[in-house]
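Participant: This is the structure I want to talk about, given as structure tokens.
The values are calculated or read from the model by the stated rules, or taken from the named source; none is laboratory data. Not measured: the values here are computed from a predicted model. So basically every Cβ, Gly included, is an ideal-geometry build from the backbone, and we count neighbours across all protein chains shown. When the accessible area is computed, the model is the full protein with side chains, heavy atoms only, and any ligands, DNA or RNA have been set aside. Shrake-Rupley method; radii C 1.70, N 1.55, O 1.52, S 1.80 Å.
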Amino acid sequence: MEKPIFFELIDKYIAGKATAQEQSLLEEYYKRLSEDTSSSLTSEQEQALKQLMLQNIRLKMNEEISATPGRHISYFTRYIAAAAVILAFLSIGTYFYLKPTRPTAAQLSAIKSDVAPGSNKAVLTLANGNQITLNNAQNGNLAKQGATTVHKAGSGLISYLMGDNSNQQTETGAKAPEYNTITTPRGGEYKVILPDGTQVWLNAASSIRFPVAFSGNERNVETTGEVYFEVTKDKHKPFTVTTGKQTITVLGTHFNVMAYPEEAHIVTTLLEGSVEITDGTNTKFLRPHQQAISGEDIIVTDANEDEAVNWKNGITSFSDADIKTIMRMVSRWYDVDVEYQGQPSGRLFTGSISRKSNLSELLRILTLTHIRFTLEGKRLIVKQ
């Protein structure tokens, strides 16, 4: 069954508009899901797997139900829809198959060990080279640089508080900016409020370098990895982000930039405002709900905003992504090294899971797609 038809059938069933034949098709699908006894799972493993699957689609189901106030949806209907949506999200490529498969007990035992998800972790490097491990630092003032005070406001948040003489100059009259860098490791994320009030979220394995005071007529920062910005508007001081060979210029806007060196492209997604993107030879402008994909050229497309910023909102998500792309995300967030046995296929995955979930929860879901995993400490082996 092709993907668009599959989702259309689920929607019709929930809305009570499915034909008798279509209802029978989904009900047979549910029957196979509930009565398949070919698996050697224990009842405990089967219940755990069921809970993981339901957790993965609970948000989707809530959205469907809340979007249709006053409509009565029976528990049986909800469960069939849930089962269908689960397998739709977990199925791969162009086609979806009606008969579901379950991981064997041996496959589940291979991922019996576990890795906790990432957390608020980062290192602050001051202008003098001193480093502060932010997740270990006490809340309160951490350092003073010129007229700027570095303050830890809570777990996962650092802010720069400006004094009255932030435009301090050297004896020659030339400004001497001091730069700080905040770096997250694999398995870390952090939020920083810059001296101008701009809010910045850093994903795992990312960094931002910025002056402790924005003097002059510009606000310039440098980033690596993935960073989400909510830029404070200042028409007299454009805000520029340099990442790799690309520069993004804004006055005040909300946008996400993903520029991991292991990824093939730099992807900039605009949620609000406008941005100018240049790579030295090409220049493109983005409007809200657009995305720029930079490689040899800059290609502007419509954006899937939720997918681009889900990481900031506590969700790991992917849409039509191959296993290598997903495993790079896994490596960064769970701080594991990924190895492959056999040639990874080109099948495409769509799904989402809470970033608070342990690695085993994601792996157990992916085993439904005929991919096997072995987790040995921080070493994840992928077998296809």
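Participant: Which condition from (1) β-branched (Val, Ile, Thr); (2) outside any strand (DSSP E or B); (3) crowded, with 22+ Cβ neighbours inside 10 Å is the one that Thr268 breaks?
Facilitator: (2)
Participant: Here's another thing I want to ask about it. Can you find a residue in segment 301-321 that is under 18 Å from Arg372 (Cα atoms) and either outside any strand (DSSP E or B) or open to solvent by less than 20 Å² (accessible area, probe 1.4 Å) (or both)?
Facilitator: Within segment 301-321 (the criterion being under 18 Å from Arg372 (Cα atoms) and either outside any strand (DSSP E or B) or open to solvent by less than 20 Å² (accessible area, probe 1.4 Å) (or both)), the answer is yes, since at least one residue qualifies.
Participant: Of all the residues that make up segment 242-254, how many are assigned to a strand (DSSP E or B) and farther than 18 Å from Arg209 by Cβ?
Facilitator: Result for segment 242-254: 1.
Participant: What number of residues within segment 133-154 are open to solvent by 30 Å² or more (accessible area, probe 1.4 Å) and more than 26 Å from the chain's Cα centre (by Cα)?
Facilitator: Total satisfying the criteria: 7.
Participant: Further question: I'd like to know if segment 164-173 contains one or more residues that are out of contact with any Leu (no Cβ under 7 Å at 6 or more places or on another chain) and either at pLDDT 95 or above or among the aliphatic types (A, V, I, L, M) (or both).
Facilitator: no
Participant: Shifting gears a bit: Could you tell me how many of the residues in segment 222-241 are more than 21 Å from the chain's Cα centre (by Cα), surrounded by fewer than 23 Cβ atoms within 10 Å (Cβ to Cβ) and not in a loop (DSSP other than H, G, I, E, B)?
Facilitator: Total satisfying the criteria: 1.
Participant: Now for a separate question. Please work out which one of (1) among the hydrophobic types (A, V, I, L, M, F, W, C); (2) at pLDDT 90 or above; (3) closer than 24 Å to Phe255 by Cβ; (4) surrounded by fewer than 20 Cβ atoms within 10 Å (Cβ to Cβ) is the condition Val338 fails and give its number.
Facilitator: The number of the failed condition is (3).
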